[in-house]
Each structure stands twice: as C-alpha cells, then as structure tokens.
Number of protein chains: 2
Amino acid sequence: MSTSKDHIIKSYDDELERLTGELVRMGELSVRQLEAAIDVVERRDERAARRVVDNDDAIDQLEQEISHDVVRLLALRAPMAGDLRNVFAALRIAADIERIGDYAANVAKRAIPLSMLAPVAPANGLATLAALAVDEVREVLRAYRNRDAEHARQVWESDARLDEAWTGYFRQLLTYMMEDPRNITPCTHLLFMAKNIERIGDHATNIAENVWFQVTGEQLDKQRNKRDLTSEPQPPIPGKPRT
Amino acid sequence: MSTSKDHIIKSYDDELERLTGELVRMGELSVRQLEAAIDVVERRDERAARRVVDNDDAIDQLEQEISHDVVRLLALRAPMAGDLRNVFAALRIAADIERIGDYAANVAKRAIPLSMLAPVAPANGLATLAALAVDEVREVLRAYRNRDAEHARQVWESDARLDEAWTGYFRQLLTYMMEDPRNITPCTHLLFMAKNIERIGDHATNIAENVWFQVTGEQLDKQRNKRDLTSEPQPPIPGKPRT
C-alpha cells in the first residue's frame, strides 16, 4: 500500500530508532530523579525535594507520548513478528521506566518529613542502596540501546546485590528503632524509601527480561533467586534485649 | 483481505469479548488472592500463606496469555482507532491486575513471619483496609465489563476512602511501635502489608482511568486529591511522650 503519506512517514527502522532514543532519554531522566532524591535527603532540603516530586510529571508525560507513538506505529505499519516484538518491548519498557520515576519521586516525597525530624545515622545508608539501583538502571538502558541480551542478563543477575543490601539495611533500621522510640518515625520513612529503591531494581530486571526477549525471542528464567529476605522469618535482631 | 483463514478466526468483536471475559476472570482471581491473604493473616496459618504465594503464578501465567492474545489480535487484525483503544486498554488492565495479584501475594508472604511472632492487636485492622480494596477492584471490573465510564469514575473517586484508612492505620501502627519495642518487628510487617493494600487501590484507579479512556476517548483528570498523607509531615503521635 503506497500512498502519498509514505513520503512524510519515516521508515519503520527510523521510527523504531527514534522510539529507542526516546526511551533511553526517559530512562536517564528517571535515574537523575533518583540521584536528585538522594541528594535532597543528604542536604535535608525540603524545597528541592518538592522540585524532584514535581519533575516526575515530565516522565509521566513522556510515557504518554511514547504510548501514543507506539499506537501510531501499530496503526500505520501493522508490524509483524520481530517488529511487533520490538514495539511491545518498547511499550513495556516505557511502563517500567515510568514506575522507576514514580519510585524516585516517592523517595523525594518522604525526604520532606524526614528533613523536619532530628537526623538519624542510618539515613546515610540510603545512598549505598541508591548507587546500586542507579548503576543497574543505567546498565540495562545501555543493554537496551545496544540490543545486548548478554549484558541485560548480567544486569538481571546483579540485582541480587541490591536485594542483599536492602535486606541488610532493613535489619539495621529495625535495630535503630528498637534502640530508641524516637528513631521510629524517621526510620519508618527510611524503610519505605529503601523499599522504593529495591523496587527500582526489580523494574531494572523487568527491562532486562524485555531486552532478552526482544533479542532472543525467549523468556529469561523467571525463577531468579530473590534475595529480599525481609519477608522471610528473621533471626532475632541483636542490640535490644527482649524485656 | 479475505483468505481461507478468516473461516477459523472469530470476528473481532468475539475476540474482544473473549479478551474482556479473560480479564474479568483474572481480576476475580486476584481479588480472591487478597481475600485469601487476609484470611491466612487472621488464622495465622503459615502453610495456607505459602499456597496463596504459589497461586500468584496462575495470575502471572494468565497475564502472559492475554498479552499473547493481544499480540495475535494486533497482528491478525491491525485494528484502528476505537478498536485499537480497546486492545490497548486490555493490555494495560491486564498489567494492573497482574500487579494486584503481586501485592496480594506480598501480603500473604509477610503473613508467614507474622504468624511466628506474638500476636499484635493492630493486625485486625488489615481486614478493614482489604475490604475497601476488594470492593474497589470488584466494582471497577464490573465497570470494565459493562463499559460503564461513570461507574469507573465513581470507583476512582472512592479510592480516597482507602487512602484515608491507610493513613489512619499507619499512625496507629507507629503508636504501637512506640509503646513497646517488641511491637516493632510485627508492626513493620503490617506496615508493608497495609502499604501493599493501599497500592492495590491505586491499580484499581488505573483500571478506572483505562475504562474511562476506552469509553470516552478522554483522560480522567490525573489530579485526584491523593489522601496518602503518610509521606506528609505528621503531627506528633500521641501515646508515647518524647523523652
């Protein structure tokens, strides 16, 4: 079907290339949001935290635009097989990046009440978790950009480190809470913030699975050994004798 | 384009009807998972909790099948405009239901360590939150099945009640934690469980937005007044004097 419209529509490959570029940019935005959120936690800067929260709208907007581009691409091209797989992967990756942005905004949101409470030592631990998550997201975006399934699989495996770090941090926070009830409110915020960062890692692994599927046409084994042990029965936490 | 294949392919409307039916069934499964999760919390039944966690695989499997059906529908039919909107809505709703199932499984997962700790009074409060979430999901599925935009909008509005209930429960849990450090570990599990239930409500509102869009072609206003105030600065919690 060749119409005059073809002259103003870019080639399918060009469209897909542009879509990939949009997604990688959107991903980089979401990573910077997480970095900014951690920065405002450290600086205890309420005003900057609100800016990070507001910036999430730009990522949501991009996700909407990408969804529209995908619909347009599907409607104009009706792509088949491999091409359809690429377009679907783009749609799912966009949704994952949007969630990553949401989680980063959630971290920034809780930085606001946290900045109004007396500082607690474990707040510093958040940056370690975030650095792992930032690294995962950046690497999986690189794997996506290069259609590198093996690189994606490595990122997918590396999420175990973040899960372990989260589990350790969870136990550390509980210990602080037991030592002094004044730590409970700030540490509860930190618990949710840390959980948000751990979830960012899960979305990075989702993206890795999509890259793997897009390149190989096969599913990455879903039975990755999850290391979030905080919902497993825990050994008793030291530091606070049970009275 | 009429080929012999057309004889074995059901009409587009039939396909869409079948897809809707699959989605509603999948949604009902996820609601029952949440009900089962709350039931095991109340019965403190570790074995039953593990069964709920395992059952989540069936929902994940259904989501995969529905995604495949959507791909097939897109590939065979290349639907346009309104039809494409229906197919996209189905895809997004399937993803939301899958997340609801995940959150229900998360609640069941934390019921395991909770059943091994001494009982705490606020555990009963979880059922109240869950009842609101179950109601929201069932109603939004009904709205989807009937393509009833106004009903969807009502569900979307009603999520404010769940947000308020979550905020109240959050404060109650913090109070318990401050009263006795032995409450900290079980109440931390309850915090995450309650947050999972609150998130189920957010996914019900996502589904409502998709139903609205599917029927009207317009976006439901995204600026719904969120009532999760737990990440806002809190007034001091009574019951524990600051020492």
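The values are calculated or read from the model by the stated rules, or taken from the named source; none is laboratory data. What you are looking at is a predicted structure, and each value in this text was computed from that prediction instead of being measured. Because the Cβ atoms are built from the backbone with ideal geometry, glycine has one as well, and the counts that use them run over all protein chains shown. With ligands, DNA and RNA removed, areas are computed over all heavy atoms of the protein, side chains included. Shrake-Rupley method; radii C 1.70, N 1.55, O 1.52, S 1.80 Å.
Here are the numbers for this structure:
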| item | result |
| --- | --- |
| Exam field: residue B:128 pseudo-label spacings to other copies (7 Å along Cα-Cβ), nanometres | 3.9 |
| Helix-only [θ]222 nm of chain B, DSSP H runs n ≥ 4, -39500 (n - 2.57) each, per residue, nearest 500 | -27500 deg cm²/dmol |
| Estimated FRET transfer efficiency when R0 is 41 angstrom, pair residue B:138-residue A:160 (beta carbons, to 0.05) | 0.65 |
| Kyte-Doolittle at least -0.5, axis length at least 18 Å by Cα - qualifying DSSP helices, chain A | A:12-43, A:81-116, A:125-145, A:184-216 |
| Close Lys-Lys pairs in the protein assembly as shown, where close means Cα under 29 Å and separation is 8 or more or interchain | 29 |
| R0 of 35 Å, Cβ-Cβ distance residue B:72-residue A:42: FRET efficiency to nearest 0.05 | 0.10 |
| With eigenvalues of the C-alpha gyration tensor scaled by 5 and rooted, chain A, Å | 40, 21, 11 |
| Length added when fully stretched, residue A:147-residue A:25, from 0.36 nm per residue minus Cα-Cα | 42.3 nm |
| Fluctuation leader among B:60, B:180, B:96 - chain B, Gaussian network, Cα springs under 10 angstrom | B:180 |
| Approximate spin-label separation residue A:50-residue B:218, in nm, with each point projected 7 Å along Cα-to-Cβ | 3.1 nm |
| Copies compared at residue B:83 - label distances in nm, ascending, label defined 7 Å from Cα in the Cβ direction | 1.8 |
| Chain A - percent relative contact order, Cα under 8 Å, separation 6 or more | 25 percent |
| Heavy atoms of residue A:128 accessible to a 1.4 Å probe, total area in Å² rounded to 10 | 90 Å² |
| Teacher prompt: residue B:179 distances to equivalent labels in other copies, 7 Å Cα→Cβ, nm | 2.6 |
| Chain A: most fluctuating residue of A:201, A:125, A:82 per GNM, C-alpha cutoff 10 Å | A:82 |
| Residue with peak Gaussian network fluctuation, chain A [Cα springs, cutoff 10 Å], from A:219, A:64, A:172 | A:219 |
| Directionally averaged shadow of the protein assembly as shown, computed from the convex hull of its alpha-carbon atoms, nm² | 23.0 nm² |
| Modelled FRET efficiency - R0 60 Å, residue A:13 with residue B:116, Cβ distances, 0.05 increments | 0.60 |
